[in-house]
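Derivation of every value follows stated rules applied to the coordinates shown; laboratory data play no part. All of these numbers come straight from a predicted model, not from anything done at the bench. Here Cβ is always computed from backbone atoms with ideal geometry, including for glycine, and neighbour counts include all displayed protein chains.
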Amino acid sequence: MNNAIRDNRQARLIEALADPQSSTRLQAALAAGTHPDDALVDVLVDCCAVEPDFFVRDMLTWALTRCAAGVTIARLLRELTSPTAQARSQALHTLSKIGDHTVWAKVPSGLLHDPDDDVARSAWRVATVLAPYEKRDVLARELATELGRGDRDTRRSLSRALITLGDAVVPLLAAARSGRTPEVREHAVATEHLMEDPDSDFSAAVDQARRTLSLKDAPSPGTKC
């Protein structure tokens, strides 16, 4: 492909990625992945930061995984310090899809505690995918400090991340059963239930945790009010 044709193709693709219609943006992202071009990595990453449609974002991530890993990873790592939460979240998500374990040491650990729930959830997923085995104990302690955080989806994500760390989290969950807040205690017990039955529903695990804790806190027979 000569330079003029390539430049024209890039220009049309960039224009399509900014189209008001999500279907057009989706097709453009598909085209970018079908015919990967490292020169478009910056454009694709920039689109990830602002794209409102989940399916388009997912296609953009796929397109980025099709480009040269060295080029894409370097650009994504710069994105991790972006002031835009979606930019950080999507960069983390894409890094998890690329799956290069050498990247872990370059991911700021503070993202595990990012104030934005979506960013933190993405960081938890990246951590469980990329962190080396010998770092599991340290990672488990970091993640356990987030018990009780956020809404049910956020807690589900954290529980799933903790479960992948196996035995490293067992004593941490046991300690959290006596945690500082009801939310921490409930989340810890729910995660223990999920460890026992990984295929169970998180909502059911939370309900079971509430019953377990209510029985624990109930006065014993014969106790005077």
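Structure values in brief
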item	result
Hz values of 3J(HN,Hα) by residue in segment 202-211 - Karplus curve (6.51, -1.76, 1.60), Gly and Pro given as x	5, 4, 5, 5, 5, 4, 5, 4, 4, 5
Among [x] 20.0, 64; [y] 21.6, 88; [z] 17.5, 52, the entry that matches Rg and Dmax of the Cα atoms in Å as calculated here	[y]
Rounded to 10°, Cα long-axis angle of helix 54-65 versus longest principal axis of the chain	70
His113, His101 arranged by Cβ crowding within 10 Å, fewest neighbours leading	His101, His113
Ranked by how many other beta carbons lie within 10 Å on average, peptides 52-59, 91-98, 63-70, 208-215 from highest	91-98, 63-70, 52-59, 208-215
Full-extension gain in nm, Asp201 to Ala31, via 0.36 nm per residue minus C-alpha separation	57.5 nm
FRET efficiency, Leu215 to His101 (Cβ-Cβ, R0 45 Å, nearest 0.05)	0.55
The chain - mean residue ellipticity at 222 nm from DSSP helices (-39,500 (n - 2.57) per run, n ≥ 4, rounded to 500)	-20500 deg cm²/dmol
Fully extended contour minus Cα-Cα distance, from Phe54 to Arg66, at 0.36 nm per residue	2.4 nm
Cα→Cβ-extended label distance, 7 Å offset, between Ala39 and Glu134, nm	4.4
